Each structure stands twice: as structure tokens, then as C-alpha cells.
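Down below is the structure, laid out as C-alpha cells.
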Amino acid sequence: MLLTAEENAMLAGELGPAVRTAMRILAALGKIYQAESMLPVSSVQVSGVSFDNLGEAGLDWLAEMAAGGARARVLTTLNPAGMDVENWRALGISPDFAANQQRVLDAFSQMGILPTCTCTPYLVGNLPHFGEHIAWAESSAVCFANSVLGARTNREGGPSALAAAVTGRTPAYGLHLDENRKPGLTIIVDCELSGTRDFGALGVVVGRAIEKMPERPIPYFTSIASATLEELKSLCASIATYGGSALFHIEGITPEASQFSPAARSIKTSRAEIDSAILEFDNPAAGAVDFVSLGCPHLSIREIAEVASLLQGRQVRKEVWITTARPTKRLADQVGYTQIIEAAGAKFAADTCCVVAPITGRFKVMATDSAKACYYAFGKNHFRTRFLTLPELIEEACR
Ligand code: F3S
């Protein structure tokens, strides 16, 4: 791989041991994927923040990087942590876990990384523009950045994203290159879709179809009349979870779609398939719901406004988490949504989510509108699920 003089200096350790480690990670990746050079990146999203996933070994590595002089050279934000940093006690997080999680956040802060603790960095100021090269981890955000924003990123892991933050570089391969962004499969959506649950279910159906194809084609959706930001973030989370997709195009909606024609190979998606995906995760026989979680990916201010309007003057009767980015929560505080939601007995869980918080085994049946959350509810936390629309979730919470 051809490196610039500055990149060679990084590799030789002239900018300190942490930068050398970071450049070694990127050079190794570049070699594996046969990149010809590095690309400068302008934005990074780092995952692997919850102490529940990192453990002591992960924390030690972060502390070592921070002590070795690792500092973010470009705008870098963080994925959700394992707790609400301000309100962890109310969410049942233990003091031990909170102390360890805080050590993780301190290490990231020492490296100049913004402790945004959200999987929707694009809603809180980390918003790359069309064609910008970035290095993001967090599969739903990667898919959103590539597909909806038209920025360019591979699916980074925690270490490679941190390495990109510290060097301001990423190897030039994969979705950074024009030739790898072409659609390979047309999806004719032969039904109306409405709401985050429908779009999540579409991601399940299409993601599973793609997973069965060895070449993992990039989907090109046709016949979707419209999609809100919230529906798109739901589709991104779901198709990334069930199909490993990091990019799709939607005719008439996403920015690169007009550069391509629909792929010759096509499949049709029917209402019956969407409904069957919904029914798979929505099991009324699962027993009584004891946990309602909204915000996977993290809720936008428009979704919080809807939750507040549905909860106004009512009372929830089970544990309800509203997961969102702290800056979005602050806006909700300012305009009064928080007061309405908390008066109803629901809890804000800013900075975290039902997947990365240490809640395995704490509940039996979780209700959500997120197909991604259903996947991890069962796989990681051993919960049964109800897969409902947002208004249905509020009804369930108050039942
Ligand atoms: Fe975000 Fe957690 Fe879902 S990180 S996409 S809310 S699993």
C-alpha cells in the first residue's frame, strides 16, 4: 500500500506509541482488503462502549491507548454506553457497573472523543455530507450514513474506528470506492408500508434474502412511495442486523439511487411476507409484557413528541424506557416532553439502550417497535418479545 510521508511517520512511531498502534491496525486492514492507499476521513463513530461488552480487557486497551497519546484528529462520537450516565440508579444499574462504565467514558474523553453515547450521531451534530469519506462503527448508523446521507464508510469495528479517529485515515477499499456501491438486486416492494415497525419488518425480509446470496448484493428498492427519517433509520437497523447490509438505494428517495438503474435480478416483497415477519416476533402467547423499550435506534425528537402526546395525562403500569441521545433528551426537557413522559411514569434512558445495558434475564417479555431490538432481546437477553407499533406500545405500557 502506498503511504504518504505522514502516514509512514505514524507507522514508524514518530507520533507516539498509540498512533503507531492505530496505523498498524489500519495498514493490516488495508493489506487484507488490498487497498492501494489510505483516505483522509472527516468523521468517526466509535462502537464498543458498554462495559457489558468491553469487560476489563477492553477497558485496559482503551486506557493504554489514552496513556500512549491517542487523540482524535477528526470529529469523533461514541455509540451508546451501558447506562444512562446521569440516571443510572433509576434504571437499576449497579454501582459497580456504573463505576466501570464511567472509567470507559473517561478513557474516551481523554482521547478527545465526544461522549455523545448514541447510535444516531447524525441527529446530534455528526452529520457527514454526500460523498464524504468517514469511518463509522455501529451497523445501523453505517447503513444510514451510506444509504440515506450518501457518505462513504465501511462497517468498522471498535478498534478500527478508534484507529481512524487517532490517525484521521482509513484504507481505501470497499464502500469508499465507486465500483462497490452499485446495486445488485432490485426489491419491488409490492405493498404499502407505514411506520417504523413495517420498515423494520421489510429489513428482516430483505436482509434474510440477501444473506442467502453468497455475493451479498446491494439492494435497490423500487415502489416505496415515501419514507420518513424514522422509518429509514428503522430499515437501516433491521437490514444491517438481518442481512449484514451497509448500503441500499431507494428509487426516488436516497441520494445515489438516481445514479443507477435497477439491477436486472429482482425479487418481490409482499404484504404477506411483511406480516409474517411481524408475527414471528410478535407473540401474544409470550406472556405478560413486563418491559417496554422504545428507541432502537435512538428516538428522534419527533418520535419523543409523539410519545409525549400519547402519554399525556396517562400512567404506565410497567417498566418503560425511552432511549435516546442526551442532546435529544435535553431538547425534550426544554420543550416539556420529558415532564409529560416522566409524569406518566416512563423513564428516560439516555446514553444507553435495551441491548447494551446489563439487563440480561431481568425481564421476561419485552415489547418494542424495533426488529433489531427483537433480535438481541432474544439472542442476548433471553427475553420473549412483542413487536408492536408505537401507539400500540403506549397502549401496552398503560395496560
Ligand atoms: Fe442503537 Fe442499541 Fe439499537 S445501539 S441501534 S438502540 S441496539
Self-check item: Residue check, Arg362 in a loop (DSSP other than H, G, I, E, B) and under 15 Å from Leu91 (Cα atoms)
Solution: yes
Quiz item: Quick check: is even one residue across region 193-216 assigned to a loop (DSSP other than H, G, I, E, B), crowded, with 17+ Cβ neighbours inside 10 Å and in contact (Cβ under 8 Å) with a residue 60 or more places away in the chain?
Solution: yes
Quiz item: How many residues, within region 22-48, are within 17 Å of Gly158 (Cα to Cα) and loosely packed, with under 14 Cβ neighbours inside 10 Å?
Solution: 1
Self-check item: Candidate set from region 383-399 (those that are within 16 Å of the ligand (Cβ to nearest atom) and farther than 19 Å from Leu202 by Cα); member that is surrounded by the fewest Cβ atoms within 10 Å (Cβ to Cβ)
Solution: Leu393
Practice problem: Please determine, by comparing only the residues of region 331-356 that are under 27 Å from Asp198 (Cβ atoms) and out of contact with any helix residue (DSSP H, G or I) (no Cβ under 7 Å at 6 or more places or on another chain), which one is farthest from the ligand (Cβ to nearest atom). | Solution: Thr352
Quiz item: Of the conditions (1) of a type in the set (Lys, Arg); (2) out of contact with any Pro (no Cβ under 7 Å at 6 or more places or on another chain); (3) closer than 16 Å to Ser37 by Cα, Arg169 fails just one. Which one is it?
Solution: (2)
Quiz item: Does Thr324 fit the bill of being in the same structural domain as Leu299 (by TED's automatic domain parsing), farther than 22 Å from Val85 by Cα, crowded, with 20+ Cβ neighbours inside 10 Å and of a type in the set (Ser, Thr, Tyr)?
Solution: no
Quiz item: Out of region 365-382, which residues are part of a loop (DSSP other than H, G, I, E, B) and surrounded by fewer than 24 Cβ atoms within 10 Å (Cβ to Cβ)?
Solution: Lys380, Asn381, His382
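The values are calculated or read from the model by the stated rules, or taken from the named source; none is laboratory data. Every value quoted in this text rests on a predicted model; they were computed, and no experiment measured them. Here the Cβ is made from the backbone with ideal geometry for all residues, glycine too, and neighbour counts use every protein chain on show.
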